[in-house]
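The values are calculated or read from the model by the stated rules, or taken from the named source; none is laboratory data. None of these values were measured; they are calculated from a predicted model. For neighbour counting, all protein chains shown are included, and Cβ atoms are generated from backbone atoms with ideal geometry for every residue, glycine included.
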Amino acid sequence: MGNRSTVQMAALVFGAIYLAVGVLGFLPFLGGSFTLTNTKLLGLFNINLLHNLVHVVIGIAGLAAVTSLPNARRFCQVVGVVLLVLGVLGVFVANPLGLLYIGELDIPLHLVSGAVLATVARVKALDSGTTGDSWQSSNSTCLDWLGNDRSTGYCGRRRSGAPN
């Protein structure tokens, strides 16, 4: 795992968790389901065949995204936003289109997971290992912690005339 960035580690961890949950969702002795009938995984979370397949796909995508920083960042952005939307949607409609139950405990789970992934995707300062208001990217463009170009300003070095 050596030189993986924070975003890549987030993609790896969330990918592994979602893949494991997707596979566990097929095991009947844990409450799993091979049908579109809703059952409760571990007696807590409503799942069905489609829900399990979605978890497996997200998991595989997360594990595949670990290969590069841009892939991991895109995975975290896309999946983070989708999970946030599902969490908010679940507040109003627990079973949209009658196919995928996203109510009850799925709401906070999707909101927290989505917020973590979306935040990790946006906070580029975590990948530099530095503290402060800026970081130096590999292509020598100075970006602030939100990824805005700050090439003309402070970029990890003292400004001329700055106090010691």
(request) Kindly provide the set of residues from the range 84-96 that are part of a helix (DSSP H, G or I) and farther than 18 Å from HIS55 by Cβ, ordered by number. (result) VAL88, VAL91, PHE92
(message) From the list VAL54, VAL78, VAL21, exactly one residue is assigned to a helix (DSSP H, G or I), more than 23 Å from ARG4 (Cβ to Cβ) and either among the β-branched types (Val, Ile, Thr) or in contact with a Ser or Thr (Cβ under 8 Å, 6 or more places away or on another chain) (or both). Which is it?
(response) VAL54
(message) What are the pairs with Cβ atoms under 8 angstrom where one residue, in the range 12-32, is of a type in the set (Ser, Thr, Tyr) and the other, located anywhere, is surrounded by 14 or more Cβ atoms within 10 Å (Cβ to Cβ)? Sequence gap at least six, or different chains.
(response) TYR18/HIS55; TYR18/VAL56; TYR18/ILE58; TYR18/GLY59; TYR18/GLY62
(request) Tell me which of these LEU109 doesn't satisfy, since it passes every other one: (1) touching a residue at least 60 places away in the same chain (Cβ under 8 Å); (2) assigned to a helix (DSSP H, G or I); (3) surrounded by 20 or more Cβ atoms within 10 Å (Cβ to Cβ). (result) (3)
(request) Might you let me know whether the range 99-115 holds any residue that is under 22 Å from THR6 (Cβ atoms), at pLDDT below 55 and either out of contact with any helix residue (DSSP H, G or I) (no Cβ under 6 Å at 6 or more places or on another chain) or hydroxyl-bearing (Ser, Thr, Tyr) (or both)? (result) no
(message) Checking the structure you have, find out if any residue of the range 61-83 is touching a strand residue (DSSP E or B) at 6+ places or on another chain (Cβ under 6 Å) and among the hydroxyl-bearing types (Ser, Thr, Tyr).
(response) no
(message) Condition first: part of a loop (DSSP other than H, G, I, E, B) and either closer than 18 Å to GLY90 by Cβ or touching an Asp or Glu at 6+ places or on another chain (Cβ under 7 Å) (or both). Now tell me which residues in the range 37-51 satisfy that.
(response) ASN38, LEU44, ASN48
(request) Go through the range 88-98 and give me each residue that's surrounded by 12 or more Cβ atoms within 10 Å (Cβ to Cβ), over 16 Å from LYS40 (Cβ atoms) and modelled with pLDDT under 90. (result) PRO96
(message) On the basis of being modelled with pLDDT under 95, at negative phi and part of a helix (DSSP H, G or I), does PHE34 make the cut?
(response) no
